[in-house]
Structure formats: C-alpha cells, structure tokens
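See structure below.
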Amino acid sequence: MHNPVQRKIRLGFFIAFSVIIAASFFSYLVTKNLLDNATRLNHTIEVSKRLETIIKQLKDAEAAIRGFNLTKDSAFLHPDMGERSNRIANEYAALRHITTDSQRQQRHLDTLKTLLDIKYKQLKLGAHSDTPNGEKRSVTEGEKVMDRIEQKVDDMMHIEDTQLHEKAELFRFFSVLWVPVIFISSLVAILIGIYSYVTLTKEFKLQLHIESKLKSYQRDLQQNIMLLNKSNQELEQFAYVASHDLQEPLRKISTFSDRLQIKYRDQLPPDASQLLDRMVLAVSRMRVLINDLLMFSRAGRIAPESITEVDMSALLQNVLSDLEVALQEKNAVVHAAQLPVIEGNITNFQQLFQNLLTNAIKFAHTGRQLEINISYQILNGKDITVVKENRWDEQFCRICIEDNGIGFDQAYAERIFLIFQRLHGISEYSGTGIGLAICKKIVDSHQGFIQAYGYPNKGATFVIILPLKQKK
C-alpha cells in the first residue's frame, strides 16, 4: 500500500474512531440524564402518591368521626382509629425511606410527624366527644391542624416539583444540544467509514493490478536472467577459448624471439636488438594480461556446494606465507587480528586477500617501512549504512586492511575497482589493472561490499564487509 494512501486511511480511521468515542460519550451523558430524569419522576410520583394517601386517610377519618357524631352510628368507626393510624404510619415510614437523600424533606417529615400525632389525638378525642360544644371545638381545631398538614404536604410537593423541573430542564438542554451533536458525529463517522472503504477498495484493486504486473515482470526477469546466465556462460567460454587460442601464438612468438636472440643476437645491429627486446617485453605483458583476464572471468563464480565455513585467520596466514618473500623485500610488518569464521568459497577468499596484500606491497612508500594492519568488527546490518533494510537482521564482518603506502586521491575510490583502470603508468608500477576488479567481483558474489579510502602519501584503507552466513 502506498504511504500517502496509508497515511490518509490511518488518519480517517483515527478521526472516525475519535468521533465514535465522542458520540458514545455524549450518548452516555444523554442516556444517563434521561435515566436520572425518569428516576426523579418516579420518585416524585411515589412521594406524591404517599402524601395523597396520608391526606385521604386523614380526611376519611375526619368524615367517619363527623358521621358518627351526627348519627351515633358505630358503623362509621369501622375501621377504627387505631387501624387508620397504622395505615398512615406505614405510608409515613415509606416516605421517610424514599426521601432519605434529602435533608429538607426529612425535616418536613419531622414536622409532619408532629402534626400527624396531634391530628391523631384530635381524632381520638372527636370519637369520644359527647357535647356539641366539644364537637364544634374539636372540628375547628382539627381544621387548623389539617390546614397545617396540607400546607406541609404542599411544601414537600413543591420541593419534589422543583427538583423534577430542574431535571427536566437539564434533559431539555441535552436533548436540544447533544442529540444533534450525536447525529452529526455519527454521520461524520459513517462518511469517513464509507470514504475509507472506497479508498481501501481502490487500493486493493490497485494492489491486485500491481501484483499482476509484478508477476509479469518477474516472469520477464526470470527469462532475462536465464538469457543473461546463458550469455555469461558463452562469454566465459569465449574468453577461455580466446585466451587459450592466444596462448599458442604467444608461445610461438616467444620461442622464435628467444631463438633469434640466442642465434643471431651478435649479428643484429643495435637498433634491431632493441626492437627485439621490446617485442619480448610486449609478449610477456600480453601473457600476463591474458592470464589475468582468465582469472577475472573465473573469479566470483560460486557453486552452492563450494560454500563452506572458512577460518579467515588460517587463510590469512597461508596468504602471508605465500607472500613472505615479497614482504621481506619491503621489510614489511603485518599486524593481523584473530579473524572470525565466515561462510564462503575458500579459493575466492584466498585470492581476495592475496590481491589486496599484493596491492599494499606494490604501492609501498619508499621513504618508510611498510606497515599493514588487519582488523575486524562484527556488526548488525542496521549498523552499516550500505546495507539495505531487508538485511538489517543479518550479521556482518567488517574487515579493514590498512597500509601506510603511497595512498591515492579519494576521488578515484570507485574508479580503482573497474577493470583495466590504473592510477599510475606501467613504467612506475607493474600490473594490468585487474586485481582490484577481481576483488570487487569476489566480494559482490558473496553478497558483500568493498570500499576504499585513500590518503595521498599517507596510505590506503580497504574495507571489506561480508555476511557471516551466506543465503542458500
């Protein structure tokens, strides 16, 4: 998936998720307020019902006593005042329980309890009153107490109505403000979801198209690789045959020139002898060049079965032993660390070290003793700048071969690895300009890297980076 599209989809999902979370929070607030409002309404209805029941019980008791006083019919006293009082007490107890969270209502209930006790005494007294004046006085006092009870009930109902009104206003506020917000938020989340779905669908189709193209390119690439391998094999065969065929005329030229020198050198004029010497030298150079070309064509060819674990320290000692005479001629000193074991082709690694050390010996500074330092580091791929991200988990060995020779200008650091590229004339330093090209070919074939750092008149450093394990 393309990075810009991926970022857009991530941003879209993040916004949609945030909007959904916000809408869910607002929905929770509205629902909670609605539930609180419903709870408050039920509470108010319950309180109102209990208070109305108390008032009704009191008025029924008063009516029963008045009927009894007027008719002296004891049927009006059934149920009696005790039972009526118990019913009122039960309603009062229920009121006390459901208004526990309100201190104001509890205080009103305390006052109401006092008034109910007074009213109960009046009702009991009225039930036994025998004189008209007593009845009249009882009715007058009862009406006053009843008015006070009704006033207290109104006060309690006013408190309940006020709280209910506050809850209703709050719910109205949430309904007016948050419901549209929730609707808009949900709509935005839906639109973002649709956009993300459409984008993902397009990206998926594009991905399928890319995969189809990649498969086509892979098939073409495989065919090209096969053609390239075939071409390389043909080129290698051609180079081998051409070099082999060139060897025969060179041998004849060398043989005839040797015979000519031995048999007729004294009879040849000086100019002819000089031309003959130059011809012999050219033949010798041609032979070296052909051999180096053969070596270059064969370098870096690795068969899977030829890959083994190579003790680089032992290999280096063998190379130093082969170069012992050349090192002694330069009075060279070699400081070599104990190198690790690396997977690869032992013949190629030997050729690699031999070429690099021969290069250091060849370009030694005449004004000082040659010193060669060989060190190494084990690094992870992510710690090496030249290693790509898909190889960051691999382990690499970084080998440095440093000398204090004549060095070179850093501007030529890449050119020296090209075939036939020389920084000095053949009259100054011998060679064909193929040795470092062979080194690069060997390192590349082992999935590694080689770099050169030059310091004119100070020395040079060659850095070889090789994976510890070869990918099969």
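The values are calculated or read from the model by the stated rules, or taken from the named source; none is laboratory data. Small disclaimer: the values here were computed from a predicted structure and weren't measured. Positions of Cβ are generated from backbone atoms using ideal geometry, with glycine treated the same way; all protein chains shown enter the neighbour counts. Keep in mind that these areas ignore ligands, DNA and RNA; they rest on the heavy atoms of the full protein, side chains included. Shrake-Rupley method; radii C 1.70, N 1.55, O 1.52, S 1.80 Å.
Overview of values
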{"item": "Residues of the stretch 351-407 that turn out to be over 44 Å from the mean Cα position of the chain (by Cα) and hydroxyl-bearing (Ser, Thr, Tyr), as a count", "result": "2"}
{"item": "Matching residues, the stretch 374-402, being under 13 Å from Val463 (Cβ atoms) and not in a loop (DSSP other than H, G, I, E, B)", "result": "Ile374, Ser375, Tyr376, Gln377, Leu379, Phe396, Cys397, Arg398, Ile399, Cys400, Ile401, Glu402"}
{"item": "Scope the stretch 59-69; condition in contact with a Phe, Trp or Tyr (Cβ under 9 Å, 6 or more places away or on another chain) and open to solvent by 80 Å² or more (accessible area, probe 1.4 Å); matching residues", "result": "Arg66"}
{"item": "Residue list for the stretch 73-95, restricted to those being closer than 15 Å to Glu52 by Cα and open to solvent by 40 Å² or more (accessible area, probe 1.4 Å)", "result": "Arg87, Ala89, Asn90, Ala93"}
{"item": "Pairs, first of a type in the set (A, V, I, L, M) in the stretch 189-208, second in a helix (DSSP H, G or I), C-beta under 6 Å, six or more apart", "result": "Ala189/Ala16; Ala189/Val19; Ala189/Ile20; Ile192/Gly12; Ile192/Ile15; Ile192/Ala16"}
{"item": "Lone unmet requirement of (1) of a type outside the set (Gly, Ala, Ser); (2) modelled with pLDDT of 85 or more; (3) more than 20 Å from Gly344 (Cα to Cα) for His424", "result": "(2)"}
{"item": "Flag for Val198 being within 28 Å of Asp117 (Cα to Cα), open to solvent by less than 100 Å² (accessible area, probe 1.4 Å) and either in the same structural domain as Ile21 (by TED's automatic domain parsing) or modelled with pLDDT of 75 or more (or both)", "result": "no"}
{"item": "Filter result for the condition that a residue is crowded, with 16+ Cβ neighbours inside 10 Å, within 29 Å of Ile182 (Cβ to Cβ), more than 53 Å from the chain's Cα centre (by Cα) and among the polar types (S, T, N, Q), over Thr53, Thr44", "result": "Thr44"}
{"item": "Residue match in the stretch 346-358 (condition: in the same structural domain as Ile450 (by TED's automatic domain parsing), assigned to a strand (DSSP E or B) and under 21 Å from Leu320 (Cβ atoms))", "result": "no"}
{"item": "Long-range neighbours under 6 Å by Cβ, at least six apart or interchain, first residue within 17 Å of Arg398 (Cα to Cα) within the stretch 353-374, second in a loop (DSSP other than H, G, I, E, B)", "result": "Leu357/Leu323"}
{"item": "Output for the stretch 313-326, where each listed residue is of a type outside the set (S, T, N, Q) and without any contact (Cβ under 8 Å) to a residue 40 or more places away in the chain", "result": "Ala314, Leu315, Val319, Leu320, Asp322, Leu323, Glu324, Val325, Ala326"}
{"item": "Unique residue being acidic (Asp, Glu) and modelled with pLDDT under 85 when the list is Glu394, Glu402, Glu414", "result": "Glu414"}
{"item": "Candidate set from the stretch 338-349 (those that are over 40 Å from the mean Cα position of the chain (by Cα) and open to solvent by 60 Å² or more (accessible area, probe 1.4 Å)); member that is farthest from Asp311 (Cα to Cα)", "result": "Thr347"}
